[in-house]
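The values are calculated or read from the model by the stated rules, or taken from the named source; none is laboratory data. Predicted model, so just to flag it, every value in this text is computed and none were measured. Cβ: placed from backbone, ideal geometry, glycine included. Neighbour counts: every protein chain shown.
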C-alpha cells in the first residue's frame with residue numbers, strides 16, 4: 001500500500017539544482033500590487049530538507065502581507081523558531097486538514113512516493129496546490145492527479161523553479177531571431193557529486209521502490225530533474241503528445257537501486273533531438289547546463305545561475321537574468337489569472353521520461369575497475385573513470401555511453417514504448 005495521505009514520512013531533501021536566490025530575485029513591484037488583496041492562507045507540508053526553502057520564501061511573502069502561513073505538517077516537528085508562532089503544527093496532512101479551514105494554497109515538499117496521496121488529499125479541498133518536483137512517481141499517478149485537479153477545478157503548480165527564469169524568454173527571442181541559426185538539437189549536461197551520506201540520508205534515497213510503492217529516485221528524476229525539465233521546455237516539449245521517441249541507458253556506480261549515471265535520448269514530435277547526459281559520480285560538482293546547438297552557433301544556459309552564454313561567428317556574449325518565484329506566480333494566477341509558469345499538464349513530457357526510467361531494466365552496475373572513490377567513510381563519493389569527457393561526447397553527439405564504446409558501458413539503449421495517445 002502507498003503512504004497514507006495523512007503522513008509526510010520525512011521531508012524532501014534540498015536539490016541544489018534549485019537555487020535559493022530565486023526568492024531574492026523576485027520583483028518587488030508584483031508584491032506591492034498584491035498587498036491590496038487579503039493575504040492568502042497557506043499550509044506547508046514538509047518543513048525539513050527543501051521545505052526549509054519554502055519556509056524562507058513564505059517568511060518573505062508573509063512580511064510583504066502576501067501570504068499568511070497558518071499551518072505546517074511534518075512527522076518530524078519543526079525546529080523551534082523555524083515557523084511563525086501563529087502557524088499551527090501537525091504531524092500529517094490529514095490532521096492539518098481536519099483542524100484547518102479556509103486554505104487558499106497547500107504546498108507539498110515531501111518525499112517523492114508521498115506526492116500522489118498527499119497531492120490528491122490537497123486537491124479534495126478548496127485550496128490550490130504547489131507540488132514539488134518530480135510531480136509523482138508514475139505516469140498512472142500523474143493521470144490521476146490531473147483528473148482530480150480538473151474535477152475539482154483546482155490549479156496545480158509543479159516545483160520546477162528553473163522554468164521561472166527570465167532567460168527562457170531571451171532564448172525564445174534568439175531562436176526567433178535566428179541568432180544561432182536553425183536549432184539542430186538540445187542537450188542537458190549535469191556533473192554532480194553525491195557521497196555515501198547522501199544515500200544514507202533517508203530510507204527512500206536511491207530507491208526505485210519501497211514496499212512495492214514507486215519512488216524512482218534517480219539522477220534524472222530527482223537531483224538533476226531540472227536539467228531534463230528545462231531542456232524539454234526550451235524544446236517546446238510540454239505534454240505527453242510532444243514526445244515522439246524516448247530511450248534510456250542507465251548505470252549505477254553506487255550500491256543503490258536507481259541510476260546515478262545515465263543518458264536519456266528524446267526526439268520531440270517536431271523531430272528535434274534532446275539528449276540528457278547526467279551523473280552524480282563526477283570528480284567535482286559543476287553547475288549543470290543546457291546547450292542549444294544551432295547551425296550558426298550555440299547558446300548555453302546555466303539554469304541554476306540564470307546565466308545565458310551565446311557564441312556565434314560574431315563573438316561571445318553572456319547575460320544573467322532574474323527569475324519569477326513560482327509561489328508568487330501561483331498566487332497571481334489565483335487572483336488575477338496570470339498563466340502558470342509550471343502547470344501540472346506541462347509536466348507531461350517530463351513524466352514520460354520518468355516513466356521510461358521507472359519501467360526500464362535495472363541500471364547496469366559500473367564495474368569496480370572503472371570506479372574510484374574520493375574521500376573516506378560517509379564522505380566518500382564514487383567517480384566513474386572518464387565521466388566528464390563521456391558526458392560531453394554523449395551530449396555533443398546525441399549518443400549513449402555504449403554507442404561511444406566506453407569500456408564500462410555494458411548496457412544498451414532501452415526504447416520506451418510510448419503510451420497510445
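Quick notes
- Residue within region 19-27 that is closer than 30 Å to residue 213 by Cα, modelled with pLDDT under 95 and under 19 Å from the mean Cα position of the chain (by Cα) present: yes
- Apart from one condition, residue 279 fits all of (1) in contact with a helix residue (DSSP H, G or I) (Cβ under 6 Å, 6 or more places away or on another chain); (2) crowded, with 24+ Cβ neighbours inside 10 Å; (3) farther than 21 Å from residue 199 by Cα; the exception is (3).
- Hits in region 144-168 - residues which are in contact (Cβ under 8 Å) with a residue 24 or more places away in the chain and assigned to a helix (DSSP H, G or I): 144, 145, 146, 148, 149, 152, 161, 162, 163, 164, 167, 168
- Cross-chain or 6+ apart pairs with Cβ under 9 Å, region 356-370 first and over 27 Å from residue 266 (Cβ atoms), then at pLDDT 95 or above and surrounded by fewer than 16 Cβ atoms within 10 Å (Cβ to Cβ): 367/407; 367/410; 369/407
- Output for region 305-323, where each listed residue is within 20 Å of the chain's Cα centre (by Cα) and crowded, with 22+ Cβ neighbours inside 10 Å: 306, 308, 323
- Residue 290 satisfies every condition listed in (1) over 19 Å from residue 172 (Cα atoms); (2) in a strand (DSSP E or B) except (1).
- Filter pass, residue 254 being crowded, with 20+ Cβ neighbours inside 10 Å and either more than 30 Å from residue 370 (Cα to Cα) or out of contact with any strand residue (DSSP E or B) (no Cβ under 9 Å at 6 or more places or on another chain) (or both): no
- Condition check for residue 171: more than 18 Å from the chain's Cα centre (by Cα), crowded, with 17+ Cβ neighbours inside 10 Å and part of a helix (DSSP H, G or I): yes
- Among the residues here, residue 70 does not qualify as at pLDDT 95 or above and in contact with a helix residue (DSSP H, G or I) (Cβ under 8 Å, 6 or more places away or on another chain).
- Any hit, region 134-143, residues being in the same structural domain as residue 55 (by TED's automatic domain parsing), surrounded by 18 or more Cβ atoms within 10 Å (Cβ to Cβ), touching a helix residue (DSSP H, G or I) at 6+ places or on another chain (Cβ under 9 Å) and closer than 18 Å to residue 47 by Cβ: no
- Under the condition of being in a loop (DSSP other than H, G, I, E, B) and buried (at least 24 other Cβ atoms within 10 Å of the Cβ), the residues counted in region 80-126 number 3.
- When region 332-382 is filtered for residues that are exposed (fewer than 14 other Cβ atoms within 10 Å of the Cβ) and within 27 Å of residue 115 (Cβ to Cβ), the ones remaining, listed by number, are 337, 339, 361, 362.
- When residue 404 is tested against (1) under 25 Å from the mean Cα position of the chain (by Cα); (2) surrounded by fewer than 17 Cβ atoms within 10 Å (Cβ to Cβ); (3) part of a loop (DSSP other than H, G, I, E, B), exactly one condition is not met: (1).
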